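Just below is one structure, and these are the notes that go with it.
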Amino acid sequence: MLLDTPICDFGWKAPNFTLKDAFGETFTLSEQLGEKGLLIVFICNHCPYVQQIGHRLAEDAKLLMAEGINVLAIMSNDYDNVPSDSPENMKLFSEQYGFTFPYLIDKDQSIAKQYGAVCTPDFFGFNHKGELQYRGRLDDARMNDAQNRVPEMINAMRLIAKTGQGPEQQTPSMGCSIKWRA
């Protein structure tokens, strides 16, 4: 099912969490929330929207990380019922698209529920205080040619890093619904 993300709830405080990646390494939100903010993106392996933006996401994340903005991805789908989203496949997906950021497993889906994540991809841009400032999309290319795209997420995260505030105008991200456990 195709869904759009809700409008940004400016100032909403990020709940702390500790999750592991597919290799068993542990990451905690409080340790990842840097001086210039943090981008969290809920993604999965099988979603055609995530597959379409995979390389752009990897490149954009590298740029942000080089500027001191941390990036985490979280996979919250029920991979028992969607095996292509399993941790082993997360490793392959991460390698295929060149992810240099942690790709974390939310097996019990509690983090997606706490954050109100609804689709993949779903972007959450936080300032250094852990306050939500961005709930938009990666760029304006969507499923089309990205050659002349406007990198909305990069622009928003740079603004957040500089001012602590996100842009007033944000376009919702669109993607596949998160596959919830029955």
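The values are calculated or read from the model by the stated rules, or taken from the named source; none is laboratory data. No experiment lies behind these values; they were computed from the predicted model shown. Cβ coordinates were reconstructed from backbone atoms using ideal geometry, including for glycine residues, and neighbour counts include every protein chain displayed. The area values use the complete protein model at the heavy-atom level, side chains included, leaving out ligands, DNA and RNA. Shrake-Rupley method; radii C 1.70, N 1.55, O 1.52, S 1.80 Å.
Against the conditions (1) more than 17 Å from residue 7 (Cβ to Cβ); (2) exposed (fewer than 15 other Cβ atoms within 10 Å of the Cβ), residue 168 satisfies every one except (1). In the stretch 143-160, the count of residues that are in contact with a strand residue (DSSP E or B) (Cβ under 7 Å, 6 or more places away or on another chain), open to solvent by 10 Å² or more (accessible area, probe 1.4 Å) and in contact (Cβ under 8 Å) with a residue 12 or more places away in the chain is zero.
Only one of the numbered conditions (1) touching a helix residue (DSSP H, G or I) at 6+ places or on another chain (Cβ under 9 Å); (2) among the polar types (S, T, N, Q); (3) open to solvent by 50 Å² or more (accessible area, probe 1.4 Å) is not met by residue 173, and that is (3).
Quick check, is residue 112 of a type outside the set (Lys, Arg) and touching a helix residue (DSSP H, G or I) at 6+ places or on another chain (Cβ under 9 Å)?
no
Counting only strands (runs of 3 or more DSSP E) that fall entirely inside the stretch 1-103 and contain at least 1 residues that are basic (Lys, Arg), the qualifying elements are 18-21. Just one of the numbered conditions (1) more than 29 Å from residue 31 (Cα to Cα); (2) touching a residue at least 24 places away in the same chain (Cβ under 8 Å); (3) acidic (Asp, Glu) is not true of residue 122: (1). The number of residues in the stretch 7-47 being more than 20 Å from residue 159 (Cβ to Cβ), open to solvent by less than 60 Å² (accessible area, probe 1.4 Å) and out of contact with any helix residue (DSSP H, G or I) (no Cβ under 7 Å at 6 or more places or on another chain) comes to 6.
Between 140, 108, 122, 80, the distinction of being surrounded by fewer than 16 Cβ atoms within 10 Å (Cβ to Cβ) and closer than 19 Å to residue 14 by Cβ belongs to 108 only. Name the pairs whose Cβ atoms lie under 9 Å apart, with the first residue in the stretch 92-114 and touching a residue at least 12 places away in the same chain (Cβ under 8 Å), the second exposed (fewer than 14 other Cβ atoms within 10 Å of the Cβ) and among the hydrophobic types (A, V, I, L, M, F, W, C), and 6 or more positions between them or separate chains? If the second residue must be exposed (fewer than 14 other Cβ atoms within 10 Å of the Cβ) and among the hydrophobic types (A, V, I, L, M, F, W, C), the pairs left are 109/180; 112/180. Mind checking whether some residue in the stretch 53-65 is under 24 Å from residue 141 (Cβ atoms), open to solvent by less than 10 Å² (accessible area, probe 1.4 Å) and in contact with a Ser or Thr (Cβ under 8 Å, 6 or more places away or on another chain)? Yes, that holds for at least one residue.
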